[in-house]
């Protein structure tokens, strides 16, 4: 505690109880109040008129030298706790992402295995599922260079397309072996029967999507490819006779890949045709069976198709 006169003279007691006189720079108002000196020091004072027209200020010094240090420690501790909390969230999030990816990987593996059951019933198709998936990636990457498709065909789209491609003939599980494995040409009735595999496959996948509330894009793309890979750009395909842009992009891409593989594959009722013949047929069907944009992209990367096909032929040898 100390006393200050109006003239700025400060009177206080020293530690040895002697009186100290000094000049003061503190500016007190005419009425009792408080004066904040710093974050840790506050003066509370009262104005006393001890003679007419003469006043002095009685001041109590509320100093808290450890308060600032305590606040700093509290702030530092809070920051450390926040950092630890954020690290914990990141670790938990990372583990969750890993588990989610493992789950998606397991789902894809199961789906691919189920799709492979169809291929297993028809040994003539060989590595058809793998080849068409690889063709799809090559073709989609080439198509993505076209500014019209640049925003549509992302890396995620291409990855999902590859994962979805093996599902295209999953509906063949519902077709009788007598028709599916027939070595001679199909009759009109048998052909109509085998055409049902697209609707069967679509229903299988749609039921799976609905039952398990699946949101992953590759399931949706798989359903679309399964349902519409026999549609034609001119609207003369099946099962719905969709035309042009009505056919999902992933199905339009896969349709060409599936056709190329069929042309290049040997069947009991037909011989394998050359790569050059496959290119010729696909080119001539631009705007009819196939999307012209996709045919143009194919013509720019058809050598990659040949490399993939040859790689599997070498593997079989």
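Every read-out reported here was derived from the displayed coordinates using simple, explicitly stated rules and does not represent laboratory data. This structure is a prediction, so every number in the text was calculated from the model and none was measured. Positions of Cβ are backbone-derived with ideal geometry, glycine not excepted, and every protein chain shown enters the neighbour counts.
Annotations for the structure displayed:
- Helix axis angle, 249-264 relative to the chain longest principal axis, alpha carbon, degrees: 40 degrees
- Segment 2-65: proportion of alpha-carbon pairs further apart than 19 angstrom, %: 33 percent
- Gain on full stretching of the segment that runs from residue 72 to residue 262 - 0.36 nm per residue minus C-alpha separation: 61.0 nm
- Contact order, relative form, for the chain: 12 percent (alpha carbon pairs under 8 Å, 6 or more residues apart, mean separation divided by residue count).
- Segment 194-272 - Rg over Rh from alpha carbon coordinates, Kirkwood radius: 1.03
- Residue with peak Gaussian network fluctuation, the chain [Cα springs, cutoff 10 Å], from 268, 292, 166: 268
- Between 295, 138, 59, the residue with the greatest mean-square fluctuation in the GNM of the chain (Cα pairs under 10 Å linked by springs) is 59.
- Separation of the residue 25 and residue 209 label points, Cα + 7 Å toward Cβ, nm: 7.7 nm
- Stretchable slack from residue 36 to residue 283, in nm (0.36 nm times residue separation minus alpha-carbon distance): 80.2 nm
- Inter-probe distance in nm under a simple model that places probes 7 Å from Cα toward Cβ, at residue 311 and residue 109: 2.2 nm
- One quarter of the convex hull surface built on the alpha carbon atoms of the chain amounts to 31.4 nm², the projected area averaged over directions.
- Estimated distance in nm for a label pair at residue 274 and residue 179, the labels positioned 7 Å out from Cα along Cα-to-Cβ: 3.6 nm
- Segment residue 12..residue 217, full-extension length gain: 65.7 nm, with 0.36 nm per residue of separation and the alpha-carbon distance subtracted.
- Among 147, 303, 232: highest mean-square fluctuation, GNM of the chain, C-alpha pairs under 10 Å: 147
- Spin-label zone in segment 33-52 - amide nitrogen under 13 Å from a point set 7 Å from the Cα of residue 5 along the C-beta vector: 50-51
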